[in-house]
Every structure is written in structure tokens, then in C-alpha cells.
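*Asks:* Below are the C-alpha cells for one structure; questions will follow.
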Amino acid sequence: MLEIKNLQKGYNHRPAIRGIDICIHRGEIHGLIGSNGAGKTTLLKCAAGIYQPAQGTIQYDGKDIYDNPEVKANVAYVSEQLDFIHIYSVSGIASYYQNFYDTFSREKFDDLVKRFGINPKKNIGTLSKGQRSKLHFILAIAQQPKYLIMDEPESGMDAEGKAIFRDILIEEVEREQVGVLFSSHDLADVERMCDRVTMMEAGEVFAQKSVDEFMKSVQKWKGILPRKTTDDQLFSMTVHAASGIGDISEFYTVGEREESERILKKLGIKDYSGQQITLEEIYTLLKKIGRAEK
Amino acid sequence: MSDLKKLFKRDRFYWGIMTVVMTLVVVYMLTNTAALYHKLFHLEDYLERSKYLHELWDIRPELRNIDGVFSDALPYLLLEHMVTVTVIVALIAQAVRLLLQETQNRTEVLRIFPVKSCNLLTCHYLSGLLTVAIPLLIQAATIRLDILYVETNTEFIFLNKEQLWAYAVKAVIIFMLHYSLLIVCRKVTNHVPGTIFTFIVVELAMQVLAGYGLDMYWDNYLAVNNIPEWVFVAAAAVVLIVLSYIADHKKDCAGNGFYAFPIAHWVMMGIVFGEIYYIFYGVYGDIPKVLSFLVAIVSSVLITAGVHFITKPKGI
């Protein structure tokens, strides 16, 4: 289990993340979403043992990761900044990794390189951004880790590459019970792949649930709002983001479905119907509510 | 040990290049030495060049008179040439290797691998030591053989062997002093511009101290009876090495390190200002004092401002 408790970290005396708690079991995929500058990369770098926490702990199966080779041998990190040494070829960088990781599988690496369609003789400096993203992911999987920490791993990948990435990730999680923590701006992918999701803003976690729980906690509706309904009335009844009063409007309610229906009836909303909601809409709404409450 | 094995294996490309380069340097030096003593070129030309070199660098002003200088100038010249070429090549190679591996992003990449941080540091030190020490010792041994040949076949008496080895060992100590200072600066500043400027500031301070009589550098250092100063320099290198391990243990690679503290930043700017003023005041000996003062002030302000903007932490 990866346990992050009360994690705090900053740069040059400015806090970047505060009071982060996350728990990830093996075989679980945990998504991390947030706006730019929310602190996702800082959190992931601390989880990968690159940065030392200013406060709090990060433990894998009860052992701290920072400057601990025994733990790092079982953790693979895919960075958003793909800084390989460019004199290496694709095949050469595999040898580089193989030197450090006893569990590195050359057969797996070669198989994945073929699957992604990358030429192993090509020099890294000549690869495109998307190809380097794929290579970085391949190196991480070839390490055969117990935990996988990834910072926007699909960055620059084409649609086909993303599909292969998803398939491989799910295969590894199911077969090897790899625990995964990854950040992404593609919320559709996060919704599709993740078991649990942490939402961050300004260095803090403002929501953390399983994907199912998120889907049940916010409802999307279409209906006719009475003409005299005010925004304050709606907000006080946890109805949000209504577009247009008096016409057919789309709006959201925070809470379980039955409770939400009671609220809609109380407000006199007529002819309402439940709509399919996405994780992206939930994230946007919860972030907006968080800002409004502050 | 297994960490160090992995790190040296990682750097095998670098070691391969260094072996080839250092072999060429040693061959070059041996060829020059052999050419000299087997009189493949005219001795008077070499003495003329050695006189010019000394005049140019003002190393030994008392040796400007060529007559009778052969037994003193030539061996020193050879040794200085040998050590300087080796150290310069080694320093350039190490700088390139460190630049490739120790920029901000690459340092973070290195932290991913299952290697203890102190072992990464040990690898840097061993790499630096081996790159300089082994070539120097090889060269000292090969030149000693050459000297033996000359002494056997002529009446000429070269340097005694203690001075030769002392000079080689001193070069290693001096190299480790500068190298460990560079690494400490890297560890406490966390970014390349901060590293370079901090290194220059401390180096200039050491030069100033040397000017006040500590004789920390090359001059008057060949004789083995200068042991106290020799030990002082070695002890300074050891202290810096220990500081680098402490800094490595205490500080990770996030942020700007030392320069993140505004007070430390401004103190460093004050020192930079003072040092640049000290260097530039009186550099043009034949101009009026007021102009000299202006040159020093303008240079100090401009250079300090440049250093400030490159190294300043956010919030200043």
C-alpha cells in the first residue's frame, strides 16, 4: 500500500502542497486531477522519492521512499519532463535502465516497443514528444514495478498510442496488481480507468472519492426553473450552475438522487429529467463551489 | 559498493573517452620529453621559449637571465606543462559530465533510480580523483623513467624524485579542493548559475587570502618541507568534501537552495560587489584615482546586478 499522510512541500519558502492524504492499494488505479499549478507534479515527485517532504510521510508498504533504494527498486516514475540523455538510442536507454533495475525485463521492453511501433535503433533526440512519452511509459512497465507513479503519461500521444497505453496499463494492473497513481488533464480517461480520484486546487485536496461515489454525489438535470427563482435560493438548496431561468435549463445538484428530487420539487421545478454526467462536469462544479465558499 | 558499480557502468562511455584522451595526453608529454632529451629540436630554441613563457606569466622573474637557467627552468616548465594540461583536460571532461548529469532536470531524473544519494556524490568524487590522479601518477612515473635515462647517459642531474612525486600529489590535492568546492556550491544552490557564481565568489576570496601570504597555490610549493601549508590545503579539501555530504543529506533538489533565503542572497551580492571592486580598482595603473574608482564602481554595479538577476529567488 502507498500511504501519503499530511504531505507538505514547498519551493523557496512558498508552499506548493499542504496536508495531502492519499492511500493507494496494489491493483488500484488512482487518478489525480487539478488545474495548472495545483501541485500535482510536486505531489507526484514527492511520491516518487525525488523530493523530500517538508512535513508528513510517504510510505510504500510501511517504508519511507526518500533516499531508500530498496523501496525505489519497486517504484517506477513516468515524468512529464522527458529528460533522457539524447546520445542514447531507444535500445541504449533500455540498457541504461537495465543496469539499475534487477527486475527490468528486456523481453517485455522489446515487445512493448514493437507494440507502440517505435524503432529501437532510433536516437532519442530524434523522437517526437509523443514517441518519448511512449518510451518513458515502456521503460516504466519494463521495470516490472509494484507501484507506478505517472505525471501526464499520455502527453503528446496520438489516439492509437493512447488506446495502447490504456490497454497495457489495465493489463499490468490486473495481472501484476500494480498500484497506480497518475495525473491527467484528460478527465474522460480518468473516469474510464480509475478506481478512485483525488481533486486538487491550490495545493490542497478538495475532493477525494471513488469514481462511483463521485457519480452518485452530483446529479445533472434538465428542467424548467420558476421565473422568480433567485441564484441565492438555488445555491442554498445546493442547486448550481443553472443556465437560464424560465426556460429549459440545465442545472446540477450536490447530493444523492432521491434527496435531489425532493429539493427540485420544493423549488417548484417542473418537468425535470436526470441527465448523464461526466467526471469533468463534476470536477468543474466542485471546484466552482469550493471557490464560492471561500 | 553495488551502487558504485552500477554508476561506473553507467558512465562507461565517459570512461572510455577519458582513457583515450588521457592516453593521448600522456603520449604527447612523453613525446615532448623524449624529443627534448634526445635533442630532436634545438635546445636554444626551447630555452628561448621557456624564457618567453616565464616573462609572459611572471612565474619566475629571477630566471629571465638564460645563462645557467637550464637546470632550474626546464624541469619546472615541464612539470607545470604536464600538470596543467592534465588538469585542464580532466576539469573540462568533468564539467561536461557534470553538466550532462547535474542540470536541474537530470538531477531529478537521477533521484528516480534506486541508488543512495551519497553514493552518487561518492561516484562524482571518485570520478574526479581517478581522472586526475591516475594520469598524473602515470606521467610522474614515466617522466621519472625518462629522467633516469638522462641521468644515466649524461652528467646532467634532474630534479630529485621526492620533488616530482610531491608536485604530482600537490596537483591532486589542489584539484580536489576546487572540485569539492564546485560540488558544495552545487549542493547548496541547486541551480547551475547559482553554482557558478558561488564558486567564483569563494574562489576569488581564496585568491585574496593567498595574496595575503597563505601561499595556497603553486608558488614555493615544490619543496617537501612545505608540509604545513600542504596539509592545510588538503584539510580544506576534506572539510569541503564533508560539507558536501552534509548538504546532500539535508537538502533535496527542489527549489533554489541557498539563494532561496533573501538574507543569504543579499549577503552574497555584497560579497560579489566587494570582490569585483577589489579586482577592478587599480587594474589600470596609469589612470587618475578618480577614474580608477569610477571603473571599479561601474564594473561592480553592472556585474553584481547581472548576478543578482540570474540568481535571485522569487519574491525579490
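*Asks:* Please name the residues of region A:91-109 whose accessible area, counted over protein heavy atoms with a 1.4 angstrom probe, falls by no less than 30 Å² between the chain alone and the full protein assembly.
*Replies:* Listed by number, the residues meeting the 30 Å² cut-off are A:TYR96, A:ASN99, A:PHE100, A:TYR101.
*Asks:* Using Cα-Cα distances under 8 Å and only pairs 6 or more residues apart, what relative contact order does chain A have, in percent?
*Replies:* Details: 546 pairs, mean separation 59.1, N = 294.
Reported relative contact order: 20 percent.
*Asks:* Let me ask another. Write down, largest first, the equivalent ellipsoid semi-axes of chain A in whole Å, where each equals the square root of 5 times an eigenvalue of the alpha-carbon gyration tensor.
*Replies:* Values: eigenvalues 344, 91, 52 Å².
Equivalent-ellipsoid dimensions as semi-axes: 41, 21, 16 Å.
*Asks:* At a Cα cut-off below 16 Å, give the lysines reachable from B:LYS170, other chains included and same-chain residues fewer than 8 away excluded.
*Replies:* B:LYS161
*Asks:* Mind checking A:167-174 for the average number of partner chain beta-carbons within 10 Å of each residue's beta-carbon?
*Replies:* For peptide A:167-174, the averaged partner shielding equals 0.
*Asks:* If you count the DSSP beta bridges with both ends in chain A, what percent of them are antiparallel, to the nearest 5?
*Replies:* 65 percent
*Asks:* Between region B:112-132 and region A:110-142, what is the separation of their alpha carbon centroids in Å?
*Replies:* Using only Cα atoms, the two centres lie 29 Å from each other.
*Asks:* Sticking with this structure for a sec: Percent of Cα-Cα pairs more than 14 Å apart in region B:263-312, please. All intermediate terms of the calculation are to be shown ahead of the outcome.
*Replies:* On the way: 599 of 1225 pairs.
Counting pairs separated by more than 14 Å, the tail of P(r) holds 49 percent.
*Asks:* What's the percent breakdown of Cα-Cα distances in region A:70-142 across 5 Å bins, shortest bin first?
*Replies:* 3, 17, 31, 28, 16, 4, 1
*Asks:* Collect residues whose amide H, placed 1.01 Å from N in the peptide plane, falls under 5 Å from the amide H of A:VAL218; neighbours closer than 5 in sequence don't count.
*Replies:* Close amide H contacts, sequence-distant or interchain: A:GLY255.
*Asks:* Considering only Cα-Cα distances, which of the following residue pairs are longer than 19 Å: A:LYS40/A:LYS209; A:LYS108/A:LYS129; A:LYS122/B:LYS6; A:LYS162/A:LYS216; A:LYS122/A:LYS146; A:LYS162/A:LYS209?
*Replies:* A:LYS108/A:LYS129; A:LYS122/B:LYS6; A:LYS162/A:LYS216; A:LYS122/A:LYS146; A:LYS162/A:LYS209
*Asks:* To continue, here is another question. How large, in Å, is region A:1-82 by the Kirkwood hydrodynamic radius built from its alpha-carbon pairs?
*Replies:* After inverting the mean inverse Cα-Cα distance, the result is 13.1 Å.
*Asks:* Filter the cross-link list B:LYS9/B:LYS251; A:LYS63/A:LYS287; A:LYS121/B:LYS9; A:LYS266/A:LYS288; A:LYS5/B:LYS250; A:LYS5/A:LYS287 down to pairs whose alpha-carbon distance in this structure exceeds 29 Å.
*Replies:* Where the Cα-Cα span goes over 29 Å, the pairs concerned are A:LYS63/A:LYS287.
*Asks:* Using only the alpha carbon atoms of region A:40-98, find the Kirkwood hydrodynamic radius as the inverse mean reciprocal pair distance, in angstroms to one decimal.
*Replies:* Computed over Cα pairs of region A:40-98, the Kirkwood hydrodynamic radius comes out at 13.0 Å.
*Asks:* Suppose the Debye formula is applied to equal point scatterers at every Cα of region A:55-209; what is log10 I(q)/I(0) at q = 0.16 Å⁻¹?
*Replies:* -0.95
*Asks:* Let me ask another. Counting only protein heavy atoms, probe 1.4 Å: which residues of region A:26-59 lose 20 Å² or more of accessible surface in the full assembly compared with their chain by itself?
*Replies:* When all protein chains are present, A:ILE50, A:TYR51, A:GLN52 each give up 20 Å² or more of accessible surface.
*Asks:* Interface A/B, total buried accessible area with a 1.4 Å probe, nearest 100 Å²? Let's see the in-between values first.
*Replies:* Details: alone 14640 and 17560 Å², together 29300 Å².
Buried: approximately 2900 Å² between B and A.
The values are calculated or read from the model by the stated rules, or taken from the named source; none is laboratory data. On a predicted model such as this, the values are computed, not experimentally measured, just so you know. For neighbour counting, all protein chains shown are included, and Cβ atoms are generated from backbone atoms with ideal geometry for every residue, glycine included. All accessible areas refer to the heavy atoms of the entire protein, side chains included, with ligands and DNA or RNA removed. Shrake-Rupley method; radii C 1.70, N 1.55, O 1.52, S 1.80 Å.
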